[in-house]
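Enquirer: Pasting in a structure now, in structure tokens, and then I'll have a few things to ask.
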Amino acid sequence: MPYFRFADNMSIRPALAKLNHKDVRQRRRAVRHLFELDNPEALEGFEKLLQDPDPWFRDKALEAIEKWAASKDLALIEKLSKSGENSRRLLAARIATRADGAGRAILETLSTDDEASIRLAAWTARISVDENSIPQALVVKDRAVRRAVAERVSRLENVDSRIILQLLDDESETVRTSAIGIIEADSSTLNEEIESRLNELINTSNGEVKARIASILLSSSPIQIDSWIEDSNTSFVNRFARSLRDTDWAAKEGMSDLLKSNASEMLLIRLLRGERSETGMILRNELLMDDSRSEEMRSQLIEDLIGRPISESTLSLVEELAKSDLELISSSARNLLAEQ
């Protein structure tokens, strides 16, 4: 093994020497060749290029550092972290974790940098190697940092409920939504405090986010279901209808009556589409014969039966509705009968 390392070092020496060549074309070829060789020992030559007057060589030096720098290069990483150039401090933030404990000290400094992108990179690196820094990161002013924390927390095997509560209290909807995702992925994270917070949060949420919260609370504390099912927002209805199906709404005592009296027509349409249970059939039939319901909803309920099995009782109702004076309903009924 020592022999091969020596041989590798020998193979990069001519290219390293050409980094100082007077001919810029020779220098560029040497840079490309060293990258092709992919030998970390070449880093010593690239470090000198950080001061090169040509920006192409300076950029290649930074690329080489990101590619090959290791814990033994702590001094170089510290130097970059103290640079007046944003690109160099940003690079230091991205690679500081390679220097272990000393690297964390560098990250602590960079996490208060004046440049937002550098703070974000430093915090992202910190929380990737030190979970104890997560609570501290959750109270920083940078929304992007808090979003990065939420993403990191979502990948943890065990999440402290206090962290979830912090995420749910965040002013950023993206951060709050990440917390909802954590709860969806692991129902064991749900406790009394989190349920209480979700019940508060749903009152100020809408669309799919509201539906996701309602779906979580549906089995644990559905105290507001009457108001949830009144919502006719398309994003809410599409998501919440799936959740109701997953909980086998048709088998729940009193649910059919509750839906008939409180649910939006859009939710009723979405929920009954393809529903083949006896409870669903009865509810559909009642809605079809309810003159107080909109013509559009009753027509859609009929249209959704085309191509699907249909009970004798429903078929009899459709035959009657084919004679309706309401054009939408009679037309849909005739279309369905034509398919039978």
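The values are calculated or read from the model by the stated rules, or taken from the named source; none is laboratory data. Keep in mind that what you see is a predicted model, and the values were worked out from it rather than measured. A quick note on method: Cβ atoms are made from the backbone with ideal geometry, for glycine too, and the neighbour counts reach across all protein chains shown.
Enquirer: Here is a list: Ile223, Ile269, Ile194, Ile216. Which entry is hydrophobic (A, V, I, L, M, F, W, C) and in the same structural domain as Leu315 (by TED's automatic domain parsing)?
Expert: Details: Ile223 fails: in the same structural domain as Leu315 (by TED's automatic domain parsing); Ile194 fails: in the same structural domain as Leu315 (by TED's automatic domain parsing); Ile216 fails: in the same structural domain as Leu315 (by TED's automatic domain parsing).
When all the criteria are applied, what remains is Ile269.
Enquirer: Can you run down the residue pairs with Cβ atoms below 6 Å, 6 or more apart or on separate chains, where the first is in the range 42-59 and farther than 13 Å from Leu80 by Cα and the partner is of a type in the set (Val, Ile, Thr)?
Expert: Ala42/Ile12
Enquirer: Tally the residues that are farther than 30 Å from Leu37 by Cα and in contact with a Pro (Cβ under 8 Å, 6 or more places away or on another chain), restricting the search to the range 68-121.
Expert: 0
Enquirer: Considering the range 240-259 alone, what residues qualify as being within 26 Å of the chain's Cα centre (by Cα), surrounded by 20 or more Cβ atoms within 10 Å (Cβ to Cβ) and not small (Gly, Ala, Ser)? Quick ask: steps written out before the conclusion?
Expert: Step one: list which residues in the range 240-259 are within 26 Å of the chain's Cα centre (by Cα), which gives 240-247.
Now drop any that are not surrounded by 20 or more Cβ atoms within 10 Å (Cβ to Cβ), which leaves 240-241, 244.
Of everything in the range 240-259, those that are within 26 Å of the chain's Cα centre (by Cα), surrounded by 20 or more Cβ atoms within 10 Å (Cβ to Cβ) and not small (Gly, Ala, Ser) turn out to be Phe240, Leu244.
Enquirer: Tally up the residues in the range 171-190 that are touching a Ser or Thr at 6+ places or on another chain (Cβ under 9 Å) and among the acidic types (Asp, Glu), please.
Expert: Qualifying residue count, the range 171-190: 2.
Enquirer: Within the range 276-292, which residues are charged (D, E, K, R) and surrounded by fewer than 17 Cβ atoms within 10 Å (Cβ to Cβ)?
Expert: The initial filter retains those residues of the range 276-292 that are charged (D, E, K, R), namely 276, 278, 284, 286, 290-291.
Arg276, Glu278, Glu286, Asp290, Asp291, listed by residue number.
Enquirer: Of the residues that sit in the range 109-132 and are over 20 Å from Thr174 (Cβ atoms) and at pLDDT below 95, which one is surrounded by the fewest Cβ atoms within 10 Å (Cβ to Cβ)?
Expert: Asn132
Enquirer: Name the single residue that is surrounded by the most Cβ atoms within 10 Å (Cβ to Cβ) among those in the range 228-239 being within 22 Å of the chain's Cα centre (by Cα) and closer than 11 Å to Ser215 by Cα.
Expert: Once the filter is applied, the top-ranked residue is Phe236.
Enquirer: Taking the criterion of being of a type in the set (A, V, I, L, M, F, W, C), in contact with a Lys or Arg (Cβ under 7 Å, 6 or more places away or on another chain), in a helix (DSSP H, G or I) and more than 21 Å from Lys60 (Cβ to Cβ), would at least one residue in the range 92-104 satisfy it?
Expert: As a first pass, look at the range 92-104 and keep what is of a type in the set (A, V, I, L, M, F, W, C): 92-93, 95-96, 99, 102.
From what's left, in contact with a Lys or Arg (Cβ under 7 Å, 6 or more places away or on another chain): none.
Taking every residue of the range 92-104 in turn, none turns out to be of a type in the set (A, V, I, L, M, F, W, C), in contact with a Lys or Arg (Cβ under 7 Å, 6 or more places away or on another chain), in a helix (DSSP H, G or I) and more than 21 Å from Lys60 (Cβ to Cβ).
Enquirer: Within the set of pairs 6+ apart or on separate chains, which have a first residue in the range 304-331 that is not assigned by TED's automatic domain parsing to the domain that holds Leu267, a second that is acidic (Asp, Glu) and crowded, with 17+ Cβ neighbours inside 10 Å, and C-beta atoms under 8 Å apart?
Expert: Filtered contacts from the range 304-331: no entries.
Enquirer: Same structure, new question: Of the conditions (1) crowded, with 18+ Cβ neighbours inside 10 Å; (2) in the same structural domain as Asn20 (by TED's automatic domain parsing); (3) under 36 Å from the mean Cα position of the chain (by Cα), Leu49 clears all except one; give me its number.
Expert: The number of the failed condition is (3).
Enquirer: So, one more: Within the range 297-340, can you find the residues that are surrounded by fewer than 16 Cβ atoms within 10 Å (Cβ to Cβ) and β-branched (Val, Ile, Thr)?
Expert: Ile306
Enquirer: Among the residues that make up the range 183-197, is at least one of them in contact with a Leu (Cβ under 7 Å, 6 or more places away or on another chain) and among the polar types (S, T, N, Q)?
Expert: Scanning the range 183-197 turns up no residue that is in contact with a Leu (Cβ under 7 Å, 6 or more places away or on another chain) and among the polar types (S, T, N, Q).
Enquirer: Taking helices (runs of 4 or more DSSP H) that do not extend beyond the range 158-212, which have at least 1 residues that are over 17 Å from the mean Cα position of the chain (by Cα) and surrounded by fewer than 15 Cβ atoms within 10 Å (Cβ to Cβ)? Can you show your working first?
Expert: Numbers: elements: 161-168, 173-185, 192-201.
Answer list for the range 158-212: 161-168, 192-201.
Enquirer: Could you tell me how many of the residues in the range 295-340 are polar (S, T, N, Q) and in contact with a Ser or Thr (Cβ under 9 Å, 6 or more places away or on another chain)?
Expert: Start the filter on the range 295-340 by keeping residues that are polar (S, T, N, Q), which leaves 299-300, 311, 313-314, 316, 324, 330-332, 335, 340.
If we keep only those that are in contact with a Ser or Thr (Cβ under 9 Å, 6 or more places away or on another chain) too, we end up with 299-300, 324, 330-332.
Qualifying residue count for the region: 6.
Enquirer: Identify, by number, the condition in (1) at negative phi; (2) surrounded by fewer than 16 Cβ atoms within 10 Å (Cβ to Cβ) that Leu268 doesn't meet.
Expert: Single failed check for Leu268: (2).
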